[in-house]
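Before any comments, here is the structure.
We did not get these values from a lab; they are worked out from the coordinates using the rules stated. Quantities reported herein were computed from a predicted structural model and do not represent experimental measurements. Quick reminder, even Gly has a Cβ in these numbers, built from the backbone with ideal geometry, and neighbours come from all protein chains shown.
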Amino acid sequence: MIGRSLSRRPRHWHRTVHVLLLAVALVAAAIGPQASVVAAQEPAPRWMDVNGKPLPFQEKAAIADFLRSAEVVDSQKIEVGITAPRRLTLEGSGVRLNAAFRYVDETSTRVRMPDGSYFQKLRDYCGYEVAAYQISLLLEMDNVPPAVHRKVGREDGTVQIWVTNTMMEQERIDKGLRAPNGLEWGRQIQEMLVLDELVGNIDRNSGNMLIDENWKVWLIDHTRAFQQGDELRNAGRIRMVRRAFWEALKALDEDAVKAAVSKELNGKNIGDMFERRDLLVAHLQGLIDQRGEGAVIWE
């Protein structure tokens, strides 16, 4: 019966089917990529409220506005950290979220760091958190949480959105956990190293690296960044860089930086940072010249 029914098909049946299949393929080709682009443009929400539900706003500008203006309904001491930060609960327009409040501004003399390095003068300043966030935006980074200036009670400080569902790097180490994608993990660490060298962050440690459920590394606590000095401390650990970051690093403009961080940084801070930027560019360009662009830059 099957053979008989096939024998009864029109002479041009195979040609008709071929044309139909070609049309379907063309439609799929036209729709498929667009669908994947839409999916790529709609990632799962990152920022959550106190109940673990996505915030109704996810844009950084909207988050910054909320951090500045929402009412403080609770404030609790954070046990981790040496600068006495506090965990705030902010509420506005029916939304509640948590944030970290830092208000340290202290200058110490003759400070020896855990790695043995020595600083004649070291400033712990909460405003450096905002400066680090603004610089990360200029570098097209997306792993420094939004932070703004704000007065809470009688304290002038900074408020940074709380990164939920995370563990500290120290917890990862203690549990012996490894990222499922070693290459992506390594790239995130490389980007962190470049940022820390650029902003002069002398206090990156396992307590201020947060890892979320997708193994994305979030960088917080930059109160000891922007220390005076125009040299690189750990250039030997920097081996690769993301292309967009590389291009933004080379194109970093002093006027744009001053406009973004004039409240937090003085001329010496900015001048030193650009000296370090030039050294970073020279270091990475040297690696490219030696090893080839494909071995140093990733897309």
For the pair THR107/LYS53, report the inter-label distance in nm, with labels modelled 7 Å from Cα in the Cβ direction. 4.8 nm
Once amide H atoms are placed 1.01 Å from N in the peptide plane, what residues at a sequence separation of 5 or more from ASN201, or on another chain, have their amide H within under 5 Å of its amide H? PHE226
So if each residue of separation counts as 0.36 nm, and I subtract the Cα-Cα distance between LYS175 and ASP289, what length gain in nm does that give? 37.1 nm
Can you give the percent of C-alpha pairs in segment 142-299 whose distance is more than 21 Å? 52 percent
Based on alpha-carbon centroids, what's the gap between segment 159-201 and segment 224-265 in Å, whole number please? 18 Å
Suppose every K and R has +1 on its Cβ and every D and E has -1 on its Cβ; what is the size of the dipole of segment 60-298 about the Cα centre, in Debye to the nearest 20? 320 debye
Taking 0.36 nm per residue of separation and subtracting the Cα-Cα distance, what length does fully extending ASN266 through ARG187 add? 25.3 nm
Per principal axis, largest first, the Cα atoms of segment 78-212 extend in Å by 45, 43, 32
Can you pull a Stokes-Einstein diffusion coefficient for segment 229-291 at 25 °C (0.890 mPa s), Rh from Kirkwood over Cα pairs, as a whole number of µm²/s? 193 µm²/s
Contour excess over end-to-end distance, with Cα ends at GLN76 and ASN165 and 0.36 nm allotted per residue: 30.2 nm
Check which residues have an amide H placed less than 5 Å from ASP156's amide H, if you skip close sequence neighbours. none
Counting Lys +1, Arg +1, Asp -1, Glu -1, what net charge surrounds THR164 among other residues with beta carbon under 13 Å of its beta carbon? +2
Reachable lysines from LYS53, criterion Cα separation under 28 angstrom, eight or more residues apart if same chain: LYS77, LYS151, LYS175, LYS216
